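Below you'll find the structure, written out as structure tokens, and then a few comments.
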Amino acid sequence: MLLTTTRCQRDWPRRYRTYYQETEPPYRRSDPATVYRLGTRGLVVGRWTSRAQDEHQALTDALGARPATLLGSDGQLLPNYRRNSPEN
């Protein structure tokens, strides 16, 4: 069961559907999840449905990005992104 909070803007809908991706182990994903907006905070309610294989996949999923937008030509994460786990 997924139950957490998030930031919202006041002009967002009172209730909307989204997905939630953890970027720290165990990298679980909830698809779909429902956010109930309460002012500038939102209550996220959902059910875990899958897991990412590793942190790289979790970051890619969370940002909705293609790997080319996350990684430089050397294969390292671009400087404007930060890993939660130490590099090997």
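Whenever you get a sec, compute what percent of the accessible area on segment 1-70 sits on carbon and sulfur atoms (1.4 Å probe). Its accessible area is 48 percent carbon and sulfur atoms. Here the Karplus relation 6.51 cos²θ - 1.76 cosθ + 1.60, evaluated at θ = phi - 60°, turns the backbone of segment 29-42 into coupling constants of 10, 10, 9, x, 10, 10, 10, 9, 7, 10, x, 9, 10, x Hz, with x for every Gly and Pro.
The values are calculated or read from the model by the stated rules, or taken from the named source; none is laboratory data. In this text, all values refer to a predicted model and were calculated from it rather than measured experimentally. All accessible areas refer to the heavy atoms of the entire protein, side chains included, with ligands and DNA or RNA removed. Shrake-Rupley method; radii C 1.70, N 1.55, O 1.52, S 1.80 Å.
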